[in-house]
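Below is one structure; the comments refer to it alone.
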Amino acid sequence: MIGEWLRHAGAVTVLTGAGISTESGIPDFRGPQGVWTKDPKAAAMSTIGTYVADPEVRRRAWRSRRDHPAWGAEPNAGHRALVDLERAGRLRAIITQNIDGLHQKAGSDPGRVIEVHGTMLDAECLVCGLRTPMPEVLARVDLGEDDPPCLTCGGIQKSATISFGQTLKPEVFAAAERAARDCDVFLAVGSSLGVEPAAGLCLDAVNDGARLVIVNAQETPYDRLADAIVREPIGEVLPTLLSEAC
Ligand code: NAD
């Protein structure tokens, strides 16, 4: 059934979440082994108000960025299956909530990857907006600056990710909405679909006539809208599912 839909789909848009990267060794937030499931206080580092107000939260955040498993992670079979879909000419876009850069590292065209929650591969000054490659900022952390300020204006820096309380970049989200509305199959992979407005892209896609297929181990608030739900591990099931489309 899903294979049939994918075979006949002119354009497939994929929304990915943290679950596609767990098999690369990067924990998700809300799964059974999730960072926030195990340590609810860790969410403070992802909330802009506490980040700006509390230097200790920032110090913890920089250490956490430095020690993040993404630096040593490699893409897995799930990421690679999406590269194959693109090479087969069937991928409209990958809208990712992930910040780990693994789609691009797998070989996905960066022009087709829409990072709605930003990227941890850069840092951004919250005052002047200067972007700096994250390794340059983390090198300063290693040299003893536990909360490195912007070298241009002295402002507070943060990873170029969207924290809770920050608004999404309008042009980036507009591109995501266009991709959701302009597809025959919308595939939501490895997301608890608990973060809006990203999760609401499922509704945009369905409202514009796409079939919604959810690949996720746990239930999501959008399950009732889905035409099909797959609960198996992404790295095993995505290559099989998508091979039928390629
Ligand atoms: P989430 O943690 O809320 O949900 C992940 C979902 O994936 C869970 O429901 C879990 O059951 C499922 N899952 C995990 N591994 C799976 C597997 N192998 N097979 C099938 N299902 C699997 O993640 P989210 O919805 O993306 O929202 C979390 C937010 O946190 C995002 O905005 C994202 O920016 C950020 N985040 C990113 C990363 C990353 O870049 N890799 C990691 C953690 C969190």
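The values are calculated or read from the model by the stated rules, or taken from the named source; none is laboratory data. What you are looking at is a predicted structure, and each value in this text was computed from that prediction instead of being measured. FYI the Cβ positions are ideal-geometry reconstructions off the backbone, even for glycines, and counts take in every protein chain you see. Ligands, DNA and RNA are stripped out before the accessible areas are found, and what is left, the full protein with its side chains, is counted by its heavy atoms. Shrake-Rupley method; radii C 1.70, N 1.55, O 1.52, S 1.80 Å.
Numbers below:
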quantity	calculated
Sorted largest first, extent of segment 1-119 alpha carbons per principal axis (Å)	52, 29, 26
Cα pair distances in the chain, grouped into 5 Å bins until the bin that holds the longest one, percent each	1, 6, 14, 18, 19, 16, 11, 8, 5, 2, 1, 0
Share of Cα-Cα pairs in segment 131-176 lying beyond 12 Å, as whole percent	69 percent
Two-decimal Rg/Rh across segment 1-63, once Rg and the Kirkwood Rh are taken from alpha-carbon atoms	1.23
Projected-area average for segment 51-97 over all orientations - Cα convex hull basis, square nanometres	4.8 nm²
Cysteines having no other Cys beta carbon under 4.7 Å from their own, within the chain	Cys183, Cys202, Cys246
Computed [θ] at 222 nm, deg cm²/dmol, the chain (DSSP H ≥ 4; -39,500 (n - 2.57); rounded to nearest 500)	-9000 deg cm²/dmol
Those aspartates and glutamates that a straight Cα-Cα span of less than 17 Å connects to Lys158, excepting residues fewer than 8 apart in one chain	Asp54, Glu56, Asp67, Asp100, Glu115, Asp122, Glu124, Glu136, Asp142, Glu145, Asp146, Asp147
Proximal aspartates and glutamates relative to Lys105, as straight alpha-carbon distance under 12 Å, when same-chain residues fewer than 8 apart are discounted	Glu74
Estimated FRET transfer efficiency (Ala174, Leu143; beta-carbon r; R0 30 Å; 0.05)	0.15
Environment charge of Ala70, counting only residues whose C-beta is closer than 15 Å and scoring Lys/Arg +1, Asp/Glu -1	-3
Among 9-22, 148-161, the order from most to least packed when residues are scored by Cβ within 10 Å on average	9-22, 148-161
Backbone HN-Hα couplings from phi across segment 215-231 [Karplus 6.51/-1.76/1.60, Hz, Gly and Pro as x]	10, 7, 5, 9, 5, 10, x, 9, 4, 5, 8, 6, 7, 7, 10, 10, 9
Mean Cα-pair separation over length for the chain, i.e. relative contact order, pairs under 8 Å, 6 or more apart, %	26 percent
Heavy-atom surface of segment 114-193, accessible at 1.4 Å and reported per residue (Å²)	44 Å²
